[in-house]
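Please treat every number below as a calculation from the coordinates, not as lab data. Please read all numbers here as calculations on a predicted model, not as lab measurements. Methodologically, a virtual Cβ is constructed for each residue, glycine included, from the backbone with ideal geometry; neighbour enumeration extends over all protein chains shown.
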Amino acid sequence: MKKWILTIATAVLLTIIAACGTADENTNGANPETDAEEVPGEDVRIGYFPNLDHAAAIIGKEKEYFEEELGNRGAIYDYFPNGNDFIDALSTGTLDIGYVGPGPAINYFLTGGDVVVLGAAANGATLIVSREDSGIETLEDFGGKSFCTPGNGCTHNVQLEIMLKDLGLESNRVGGTVEHQSRINPANMVAMFEQGQIDAAAAPEPWGTYLVEELNANVVAEWDEVFVGETLPSVVIVTTNEFLEENPEAVDAVLRGHKRAVEYTAENVDDTLTTINDHLYDLTQNRLPETVLEKAWNRMVVTTETHPDALQAWADASYELKFMDVEPNLEGFVDTSKLDAILEEE
């Protein structure tokens, strides 16, 4: 078991980093029924993470929904290890549209970055867990302990720290007694728990459930008990206003593929989980246990429903925790009009 854990953690990390910012696949999804009428355009570059809550992106790619909707434009896929790298690609124009956690998108928007949320892709998917022998069973036990998150000020980090702050506990970042280790790749959390290097984690799925099922980690807070856990999108689909204005048909096409992918996940859970596990195998030559995927799936909701109030609540919490210097105003950050119109189509 120990060898397998270290193998998958290392493989996931190395594979994702090696692929970051490079084309994963270029598929020209020509539509024979419209080839004579359409003029081929540039491929649309779509970004995502190889995580369970990016199910809509993975299904849309693997079932070729995006290619089918884009017609002659085709699609190129890039996958990323974290939100900062995704935003860097979006800001430099090497990425057109894609799936990312709300935290990096909000932070970029508030610094004047060109980004707009077109809709949600998943809600939930954050699990607060502690190592079996850490002495942490509740949030009140975090004093003097350590925890890790994928990034400093990331979605999961803010969700945990605001709950701790409500209990009078703060991280060492602001002089508190709770040690925070950031920029920990979710796969590496497995090795850190196994080796006793960290006490707890605010983990995205399926890694939180993996820690529980395979390493007997304690569930400190379920996904729907975490701050705005049920309504906060763990994944949003974003683009730039520039790309939206210059390529409205392409954005519509990607959103139609997104809608089809979300509907498929709801109607075909078993095949969705198999497809995601196969996708992970293609990257790492390892598969996650089926029990882990099934239980993790029940700790999130793949959806197109966006809750702007939850995004504002998260941003306000981030400001309260001093991750932001200026009180956040998200006016203009969310524009679901295109997706709403598509969802209303027969």
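In this structure, GLN285 and GLU64 have a Cβ-Cβ separation that, at R0 = 25 Å, corresponds to a calculated FRET efficiency of about 0.60. Put +1 on the Cβ of each Lys and Arg and -1 on the Cβ of each Asp and Glu in the chain; which of ALA317, LEU95, TRP207 then has its Cα farthest toward the positive end of the dipole? Farthest towards the positive end: TRP207. Between THR138 and THR92, the C-beta separation translates, for a Förster distance of 30 Å, into a calculated FRET efficiency of about 0.10. According to the Cα-based calculation, Rg over Rh for the chain is 0.97, with Rh computed by the Kirkwood formula. Backbone amide hydrogens, once placed in the peptide plane, bring ILE97 within less than 5 Å of ARG45, GLY47, excluding anything fewer than 5 places away on its chain. Note that the stretch 107-113 has calculated 3J(HN,Hα) couplings of 4, 5, 4, 6, 9, x, x Hz, one per residue in order, obtained from phi through the Karplus relation 6.51 cos²θ - 1.76 cosθ + 1.60 (θ = phi - 60°); glycine and proline are x. When the listed pairs LYS165/LYS322; LYS63/LYS295; LYS259/LYS295; LYS63/LYS259; LYS165/LYS295 are checked against a 20 Å cut-off, the alpha-carbon distance exceeds it for LYS63/LYS295; LYS259/LYS295; LYS165/LYS295. In terms of other Cβ atoms within 10 Å, ARG173, ARG131 run from fewest to most in the order ARG173, ARG131.
Maximal additional length on extending the GLU42-ALA313 stretch stands at 93.8 nm, based on 0.36 nm per residue less the C-alpha distance. Taking label positions 7 Å along the Cα-Cβ direction at both LEU215 and GLN197, the computed distance is 1.0 nm, reported to one decimal. The local environment of ALA55, defined by Cβ-Cβ distances under 14 Å, has a net charge of -4 under the rule Lys, Arg +1 and Asp, Glu -1. Placing +1 on the Cβ of every Lys and Arg and -1 on the Cβ of every Asp and Glu, with nothing else charged, gives the chain a dipole about its Cα centre of roughly 1460 debye. Rg/Rh for the stretch 155-232 stands at 0.95; both radii use Cα atoms, and Rh follows the Kirkwood definition. Electrostatic tally near VAL178: other residues with Cβ closer than 12 Å to its Cβ, Lys and Arg +1, Asp and Glu -1, net -3. If you sort the three axes of the alpha carbon gyration tensor as a ≥ b ≥ c, you get a/c of 1.5 or more for the stretch 131-272 and a/b above b/c, which makes it prolate. Using the Cβ of LEU339 as centre and a radius below 14 Å, the other residues enclosed give a net charge of -4, where K and R count +1 and D and E count -1. Rounded, prolate or oblate for the stretch 218-346? Axes are the square roots of the Cα gyration tensor eigenvalues, ordered a ≥ b ≥ c, and the cut-off for rounded is a/c under 1.5. Oblate. Under a Gaussian network description of the chain, with springs only between Cα atoms under 10 Å, the residue in GLU331, GLU64, GLU170 that fluctuates furthest is GLU331.
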